[in-house]
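To start, the structure under review is shown below, and the notes come after it.
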Amino acid sequence: MENNKAGGWSRREFIGGLALAGTAAILGLRPEPGMAAAEPLPETRTLRLRYWDPACWAPFYLAEPLLREEGFTDIRYIAGPPQELVDMFKKGLVDLSPDFSVHGMYNIEAEGSSQKFIAGLHVGCYALIGSERIRSVRDLKGKTVWTGPVENNGPHLFFQAIVSYVGLDPRKDIKYVWVKRDEAMSLFQQGKIDAFISFPPGPQELMAKGIGRLLLDTNVDKPWSQYFCCMVSGQSDFVKNNPIAAKRALRAILKAVDLVSRDPAKAAHELLARKIVKQKDEKYVLQSLKEIPYDRWREYNPEDTIRFFALRMRETGMMKSNPQQFIERHTDWRFIRELKKEFGITAW
Amino acid sequence: MKVWLPKLVARAPFTVHTKLIGAFFAIVALLIIFGLVVIQVLSGINRRSEELSQLRRKVGAFRQLQHDTTAQIYGVTSALLSPEERMIESALRQLHEFRYDLERLQFVTRDEVELFGRIKIEHEQLIQMITNVVELTRAQEYKKANDLRLTKIVPLADTLERLTNEMVNRAEADMEAKVDESNRAHMTSRWVVIGFAVGSIGLAILLGYAVSSSLMGPVMLMDERLRQIASGDFSKHVEVPNRDELGTLADNLNRMNNELRDLYQQIEAASRHKSDFLSNMSHELRTPLNAIIGYSEMLTEEAEDRDQKDFIPDLQKIRASGRHLLELINDILDLSKIEAGKVELFPETFDVKLLIEEISGTVQPLIEKNSNILAINCADNLGDMYADITKVRQILFNLLSNACKFTELGTITLDAVRDCSEDAAWLSVSVTDTGIGMTEEQMEKLFQPFSQADIQIARKYGGTGLGLAITRQFCEMMGGDIKVRSEFGRGTAFTMRLPMAAPHPEGDIVSLIASDGSSKSA
């Protein structure tokens, strides 16, 4: 599971991380010493964070120096492909992970994933691109759409929520093509796929080339822009048994979120340096990081995101639990509430 | 449970009446409880339905709020972009109307108060900002107005919209939860109703079984015991666990059994004494009677020899009376011996046909006396019979003499056949006459000792009334039976049926049927 990055960063990467932490301090994001000092040390000094390729999860990758400031000495980044995430949570191989909200909810509901949502990470990031023939989401009825290489992945689940919101049946009204992203892009350019949904940098790249029409940008289009696209999940036992560690880790991650929000260029550069994104994608990654409104965690209520998507998933039959049950069982907002109070944020 | 429950009910120290009333009330109580449960379930369904309906109204109201929010933001934006006084006035009016509506919004629950409060605050701020922008616009400070719009109004509008969306989401989530709760409650109610129905039926059946068994069990035991008592078995007592009227009845039955047993023993002893007495008396009577008959015959012969014929009729009357008396005494002696169990069977092998011929010869004078005709039909395969020949002879003689007595100028038919049934061979002899016949009433007391069809018949035809009683006793002693059918004024038919092979004195059955079907001697 762990790749060569998981064991630890290179010296260059580490110095880069420290540099970023320094930036954070300059930006005034260093935690108040009194506050951190008053808080007990984390129950564990080891923290295992999942990483994977979405560029929008940049704060997670850049949080390492901030996590060290929170008292974690052994920080491991563990590669976690979406299809293995449920097992990773069940086996307790990972402590915290960024996750697509709908995908995480599906994993919990359908696969019994042992995780709890603890905070929102950011809004937006998904984009639905249609061919020139498609003018709105409703036009997708009977059309061919690419939503990822396998069924029930994050984009596919998110797409189902989008089409069901406009009254289409995502299982009957849409034809899906299950191919890899590069092949999907090629098919789209050939006109064999009518639309596709993807996270950065795919859509940005196509749009930059003038291919396709932007049907939905979850960064700005309502109601999607009013809910978190990606959230922070904690392994259930980790959250339960290590509340101080969980809170400290979340504090570091939220600071990293602010860091990315204030200096996306530096964040993009760091992602490139750590080889999480490719050189050719740097421009689009930077664009994505600039467009994604990372500061929404201060304002938005993550519980309402879960509630909203739970309602949409109930509509499509993807969820049996009702929103209240799901929120009661699979969320834990005490850390984000305490941190908001700590940061002097009054909203929610 | 199958056994102990009825016993438990039986042992309960209550009367049968109380038990039955108790069972009835228990079943009624079950029905009432079942009815209450159903009413409760229906009330629950109704309550949940009302709650769902209210939640639907709430979702509708919140959606309207959401819609109004979007509409007013759009209206304000449009008005500020094209600042006509009429448009601005309209947007401001909408804003104030919205505030008025917000104050009167219903369905806000306790946990939504905080969120609702935030909406009101955000809206107040929005109104304030819009008022400021309007004033700037009216003062033709468009740049400032536009900056304020972009930096303050747009974020406030977004927040307001998001918060109203959250209100709608909460209401919809509440409704989903209520739908789930309703579904779960429906499932639970269904199982509760089914459970109660099955439980009530089961309990009613169990109760019915327990009560009926506790009542019917003793009744059946007592019925069986009464049958045994009727057949003369006084050796047992009936044991029932009941502590109610049936228990008392069983005690009384046992007491009656004891009393009857004592009485029966006394009667048996008295009967034995009577039989002994009759036997002795008969013997004592026969001795002088034989002397009377003997002497009357001698005197008759002597009177004939001396030619003193005047005495002969009187002497003959003395002899006839003596013989009649002797016959009567013999019958009484036979009957008393039978009742005293002193009659023994002496079976031997004899030819049935020869016996019938012999008897027909014997009864010939009786046949002729009333000018009757005797017809005898014997089957060819009658063969030999192993039985007490004396008794068989007496049975046939009694039947034929009876037929002769009650028939005048008629025909008396004797049919003898051998039939094989129930793995044994039987001799069946029917004596049919064309005499006076009998009514149903007369036939009922036909085989009772000292009884004849009626008193007139006894006077007219004479006889002791013991013949048929003795005949039936002999038949039954030899393992057979006798039946009669008669039609008043048309005649009577007696059918006697005896086994061809009587039980051997050692207890074996002597088969008189060879494997080829021919008869053989025992």
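The values are calculated or read from the model by the stated rules, or taken from the named source; none is laboratory data. Please read all numbers here as calculations on a predicted model, not as lab measurements. Every residue, glycine as well, gets a Cβ built from its backbone with ideal geometry; the counts of neighbours run over all protein chains shown.
Things worth noting here:
- Only one entry of A:Leu47, A:Leu85, A:Leu67, A:Leu27 meets the criterion of being under 24 Å from A:His122 (Cα atoms) and modelled with pLDDT under 85, and that entry is A:Leu27.
- Restricting A:Ala208, A:Ala245 to those that are touching a residue at least 40 places away in the same chain (Cβ under 8 Å), in contact with a Lys or Arg (Cβ under 9 Å, 6 or more places away or on another chain) and surrounded by fewer than 21 Cβ atoms within 10 Å (Cβ to Cβ) reduces the list to A:Ala208.
- If you go through region A:307-329 and pick out every residue that is of a type outside the set (D, E, K, R) and within 18 Å of A:Gly154 (Cα to Cα), you end up with 9.
- For region B:430-446, a tally of residues being of a type in the set (A, V, I, L, M) and buried (at least 20 other Cβ atoms within 10 Å of the Cβ) returns 3.
- Filter result for A:Glu303 (within 14 Å of chain B (Cβ to nearest Cβ) and not hydrophobic (A, V, I, L, M, F, W, C)): yes
- Matching residues, region A:311-326, being at the interface with chain B (Cβ under 8 Å from one of its Cβ atoms) and among the hydrophobic types (A, V, I, L, M, F, W, C): A:Leu311
- Residues located in region A:147-185, provided they are under 18 Å from A:Met105 (Cα atoms) and hydroxyl-bearing (Ser, Thr, Tyr): A:Thr147, A:Ser164, A:Tyr165
Matching residues to (1) among the β-branched types (Val, Ile, Thr); (2) farther than 25 Å from B:Leu156 by Cα:
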{"position": "A:Asp258", "(1), (2)": "no, no"}
{"position": "A:Ala265", "(1), (2)": "no, yes"}
{"position": "A:Ala268", "(1), (2)": "no, yes"}
{"position": "A:Ala273", "(1), (2)": "no, yes"}
{"position": "A:Ile276", "(1), (2)": "yes, yes"}
{"position": "A:Tyr284", "(1), (2)": "no, yes"}
{"position": "A:Pro293", "(1), (2)": "no, no"}
{"position": "A:Glu299", "(1), (2)": "no, no"}
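- When the residues of region A:216-228 are filtered to those that are of a type in the set (A, V, I, L, M, F, W, C) and over 16 Å from the mean Cα position of the chain (by Cα), the one that is farthest from the other protein chains (Cβ to nearest Cβ) is A:Leu216.
- Taking the listed residues B:Gln448, B:Gln456, the one that is among the polar types (S, T, N, Q), modelled with pLDDT under 80 and outside any loop (DSSP other than H, G, I, E, B) is B:Gln456, with no other qualifying.
- A:Val239 in a helix (DSSP H, G or I) and more than 13 Å from chain B (Cβ to nearest Cβ): yes
- The residues listed here are A:Asp332, A:Asp258; of these, the one that is more than 14 Å from every other protein chain (Cβ to nearest Cβ), in contact (Cβ under 8 Å) with a residue 60 or more places away in the chain, farther than 30 Å from B:Glu176 by Cβ and of a type outside the set (A, V, I, L, M) is A:Asp258.
- Filtering A:Leu121, A:Leu168 for residues that are farther than 23 Å from A:Gln287 by Cα and either out of contact with any Leu (no Cβ under 6 Å at 6 or more places or on another chain) or in a helix (DSSP H, G or I) (or both) leaves a single hit, A:Leu168.
- Residue match in region B:34-47 (condition: in the same structural domain as B:Lys178 (by TED's automatic domain parsing), closer than 30 Å to B:Glu172 by Cα, more than 60 Å from the chain's Cα centre (by Cα) and among the small types (Gly, Ala, Ser)): no
- Residues being at pLDDT 90 or above and surrounded by 19 or more Cβ atoms within 10 Å (Cβ to Cβ) are entirely absent from region B:333-346.
- Tabulated pairs, region A:114-128, first at pLDDT below 95, second acidic (Asp, Glu) and surrounded by fewer than 24 Cβ atoms within 10 Å (Cβ to Cβ), C-beta under 6 angstrom, 6+ apart or interchain: A:Ala127/A:Asp217
Results for (1) buried (at least 22 other Cβ atoms within 10 Å of the Cβ); (2) away from chain B (no Cβ under 14 Å); (3) part of a helix (DSSP H, G or I); (4) of a type in the set (Gly, Ala, Ser), shown as yes or no for each residue.
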site	(1), (2), (3), (4)
A:Asp182	no, yes, yes, no
A:Leu214	no, yes, no, no
A:Cys230	yes, yes, no, no
A:Arg251	yes, yes, yes, no
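- Cβ-Cβ under 6 Å pairs, at least 6 apart or on other chains, region B:437-450 side on the phi > 0 side of the Ramachandran plot, far side assigned to a loop (DSSP other than H, G, I, E, B): B:Gly437/B:Phe488; B:Gly437/B:Gly489; B:Gly437/B:Arg490; B:Phe450/B:Gly465
- Yes/no for A:Val257 being in the same structural domain as A:Lys278 (by TED's automatic domain parsing), in contact with a Lys or Arg (Cβ under 8 Å, 6 or more places away or on another chain) and among the aliphatic types (A, V, I, L, M): no
- As a summary of the residue check, B:Ala173 satisfies the conditions (1) modelled with pLDDT under 90; (2) more than 30 Å from B:His237 (Cβ to Cβ) except for the one numbered (1).
- Residue in region A:271-292 that is within 14 Å of chain B (Cβ to nearest Cβ), closer than 27 Å to A:Asp217 by Cβ, in contact with a helix residue (DSSP H, G or I) (Cβ under 6 Å, 6 or more places away or on another chain) and surrounded by fewer than 19 Cβ atoms within 10 Å (Cβ to Cβ) present: no
- In region A:194-201 there is no residue matching the filter, namely being assigned by TED's automatic domain parsing to the domain that holds A:Ile108, buried (at least 20 other Cβ atoms within 10 Å of the Cβ) and in contact with a helix residue (DSSP H, G or I) (Cβ under 8 Å, 6 or more places away or on another chain).
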